[in-house]
Amino acid sequence: MTNDQHIHTLLKELKAKLLYHNHRYYVLDDPEVSDHEYDQLMRQLEAIEKEHPDLITPDSPTQRVGAKPADYFDTFTHTIPMLSLDNALNEKEIYEFDNRVKKGLNTTEAIEYVCEPKLDGLAVELVYENGILTAGSTRGDGTTGENITQNIKTIRAIPLQLLDKHNKIPERLEARGEVILGLDAFKQLNSAREKNNEPLFANPRNAAAGSLRQLDSSITAQRPLDIFLYGIGQIIGVSTETHFQTLELLRGYGLKINPHIKICRGLNAVLEYHRNMLNRRDSLPYEIDGIVVKVNNISQQETLGIRSRSPRWAIAFKFPARQETTQITDIITQIGRTGTLTPVAIMKPVNISGVTVSRATLHNQDEIDRKDIRIGDWVVVQRAGDVIPEVVKVITSKRDGTEKTFQLPQTCPSCGSKTIRLTGEVAQRCENPDCPAQIKERIVHFASKKGMDIEGFGPKIVNQLVEKKLVKNVSDLYFLTSKKLEEMERMAEKSISNLLENIDASRNRSLDRLIYALGIRFVGDHISQVLVEALGDLHNISTATKEQLLSIHEIGPQVAESVYTYFRTQETKNLLERLFKAGIKTEKKQQTKNEKLSGKTFVITGTLTEYTRTEAESLIQQNGGKTTSSVSKNTDYVIVGDSPGSKAQKARDLNVTIINENDFKNLLEL
Ligand code: IVH
């Protein structure tokens, strides 16, 4: 083989490997190799391409980011218009839709529908020519959108090249779907924007749209956008008979399909699906605003046809609105655990899709000023998932002149020290580290469910402990005695011993909970798990350099900086020393009293519906089991979710017990 041939083969192999591992990670959420191994492959490819720039192709995994910022977007004309959907707002309207479909098909039999979550993001079209991604565009007015190819390429869940395992690659494929931003990413993005004095996004959809319509694709690349494909425009060279087959085909090409899509025969099955998804709405990691019901059979779709801009064979069955109007009766100031003053609107209670809301965050003074929010105003309030309710806008036409403007106080309402707002910062702060309100918040966070999970440790008890100066920082909890607690009002002997027992039990919580509980800026429950997974024990985490932190997948500059700085303050050092003294567990492995899965080794493959992979893994660990990434003779169970990978086959080959999500729950007696 000549040197040239050798390089060509090497490049081809590397690209194929990267394509495969990218799909496992971003589409199936089921990686086979460590981040380190993936990075090594990427570096090899980069090195070769640097030597041979003429061999760089647009579908190379190195070409996701790097294009120069554009001055404007070119327009993009869709081969087939991108339609929109009619809405059904209640059961009656969906019943009428089903009747129209039956009438149109001249049948009285139950119709086979496909039901899908209606994702709240931005519709896009991806064009693949002979398997290579050549264009990405927005829906626009349905006929013409914007050419956003450079930005589309930064989304990791979008393959630059289709997989061709078993399928024939079409000459041309226009795949359509919704680009979304998950709720966690949305919260993180907004909190970073708040810090940088930038206006906040009102909801994840606006954040997704804003991120995707950036002229500078390097900004888009920093936003963890995701996508689910739900249909096609033109396809040349391959055909399908049902919508469900189309989705399966797309899935086979390595495109990401939502795991909750189901075939529902007849109206009752559709209604049940709607109820079911409505129940799950708050636990999904992204926003959905209803379900989409589509006639499955494509020739039936053709018979039904299109009316103006929407198909007669599909309908959006919406969920109750996430927005309501109510009146602000007061604005109060809350002090967070880092001393930030947050204005909070107190409102007349209002029911927003099943939850009574009477408070909404107003974020900071700039947001109040920008939205011109006043006490007495009628406002539109919105909630999404577990994101704190927010005021979207003021209904100024309802003002009668009695409304009062609000300014954050110049002195801390808790400790009385002067509050300051540094130039260039949005947050106004109380800088007194001994401020009782801050101490209380730090302790409440430390003891919270996702943190050290100390039962019976609500704000009332914390208030007393701090006011009586029994606790000055979280480590003091572990040095409380029944004698000290006797000072507390209305605490029976029994409650005291319960409290001490619960505190004691928390010494054994897993390390990721401790990291979360410390309340480090930008370190939520997920990032805590990532840190523990990568670095193993508290010593390694607290001494990691910024470079080490940055080399961890999912850790960006903001988190790295925050973790690094946190562990270098004298205050943190003192705190950790006391926590060590208190006998807190600081290694990764959990000592658990719950041993249902003791000694058992698990491998997870495919997407689970009720748990994320990290949740399932920590459930296994909490119950004394172990998880590994590859199947071997020593594996006891392989849990198989939707779109399982090669691990399921390997399990069958090795005769390892295969279980589904329900069996898993049964094992845990959940
Ligand atoms: S199908 C032929 N499926 O809803 C029908 N749309 O109101 C075309 N959307 O522009 C759309 N989830 O942005 C379809 N599973 C889903 C969807 C979905 C969200 C959005 C999409 C579309 C809008 C229509």
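The values are calculated or read from the model by the stated rules, or taken from the named source; none is laboratory data. All figures in this text were calculated on a predicted structure; none of them were measured in a lab. Methodologically, a virtual Cβ is constructed for each residue, glycine included, from the backbone with ideal geometry; neighbour enumeration extends over all protein chains shown.
Some notes on this structure:
- Beta carbons closer than 8 Å, at least 6 apart along the sequence or on distinct chains, pair a first residue in the stretch 80-97 that is closer than 14 Å to Trp313 by Cα with a second that is of a type outside the set (A, V, I, L, M) and away from the ligand (no atom under 12 Å from the Cβ) for Asp86/Phe97; Asn87/Glu93; Ala88/Glu96; Ala88/Phe97; Ile94/His274.
- From the list Gly104, Gly142, the lone residue that is within 16 Å of the ligand (Cβ to nearest atom), more than 32 Å from the chain's Cα centre (by Cα) and surrounded by fewer than 19 Cβ atoms within 10 Å (Cβ to Cβ) is Gly104.
- Test for Thr134: is it of a type in the set (S, T, N, Q), closer than 22 Å to Thr57 by Cβ, assigned to a strand (DSSP E or B) and more than 13 Å from the ligand (Cβ to nearest atom): yes
- Leading residue by the ranking (surrounded by the most Cβ atoms within 10 Å (Cβ to Cβ)) among those in the stretch 112-131 that are within 11 Å of the ligand (Cβ to nearest atom) and part of a loop (DSSP other than H, G, I, E, B): Gly121
- Residue-level analysis places Asp74 among those that are more than 16 Å from the ligand (Cβ to nearest atom), out of contact with any Cys (no Cβ under 8 Å at 6 or more places or on another chain) and over 20 Å from Leu11 (Cα atoms).
- Residue within the stretch 24-35 that is surrounded by fewer than 18 Cβ atoms within 10 Å (Cβ to Cβ) and assigned to a helix (DSSP H, G or I) present: yes
Condition check ((1) of a type outside the set (Val, Ile, Thr); (2) assigned to a helix (DSSP H, G or I); (3) under 23 Å from Gly131 (Cβ atoms); (4) modelled with pLDDT of 90 or more) across all residues:
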position	(1), (2), (3), (4)
Leu11	yes, yes, yes, yes
Tyr20	yes, yes, yes, yes
Asp39	yes, yes, no, no
Ile48	no, yes, yes, yes
Pro58	yes, no, yes, no
Ile80	no, no, yes, yes
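Residues are listed down the side, and each one gets a yes or a no for (1) among the hydroxyl-bearing types (Ser, Thr, Tyr); (2) closer than 18 Å to Thr242 by Cα; (3) without any contact (Cβ under 8 Å) to a residue 12 or more places away in the chain:
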position: Ile111; (1), (2), (3): no, yes, no
position: Glu116; (1), (2), (3): no, yes, no
position: Val124; (1), (2), (3): no, no, no
position: Ser137; (1), (2), (3): yes, no, no
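Per-residue answers, yes or no, for (1) of a type in the set (Ser, Thr, Tyr); (2) under 14 Å from Ile335 (Cα atoms); (3) part of a helix (DSSP H, G or I); (4) under 33 Å from the mean Cα position of the chain (by Cα):
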residue	(1), (2), (3), (4)
Leu422	no, no, no, yes
Val426	no, no, no, yes
Asp434	no, yes, no, no
Lys440	no, yes, yes, yes
Val444	no, yes, yes, yes
Met452	no, no, no, yes
Ser475	yes, no, yes, yes
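- Subset tally (residues that are assigned to a helix (DSSP H, G or I), within 16 Å of the ligand (Cβ to nearest atom) and surrounded by 18 or more Cβ atoms within 10 Å (Cβ to Cβ)) for the stretch 189-209: 4
- Residue check, Arg176 under 25 Å from Leu83 (Cα atoms), touching a residue at least 24 places away in the same chain (Cβ under 8 Å) and among the basic types (Lys, Arg): yes
- Single residue of Leu250, Leu229 found to be within 12 Å of the ligand (Cβ to nearest atom) and out of contact with any Ser or Thr (no Cβ under 9 Å at 6 or more places or on another chain): Leu229
- Residue count for the stretch 597-621, restricted to those that are farther than 13 Å from Ile658 by Cα, hydroxyl-bearing (Ser, Thr, Tyr) and touching a residue at least 60 places away in the same chain (Cβ under 8 Å): 5
- Of all residues making up the stretch 524-574, the number that are without any contact (Cβ under 8 Å) to a residue 60 or more places away in the chain and in a helix (DSSP H, G or I): 33
- Considering the conditions (1) surrounded by fewer than 23 Cβ atoms within 10 Å (Cβ to Cβ); (2) away from the ligand (no atom under 16 Å from the Cβ); (3) touching a residue at least 40 places away in the same chain (Cβ under 8 Å); (4) part of a helix (DSSP H, G or I), Phe186 is excluded by exactly one of them, (1).
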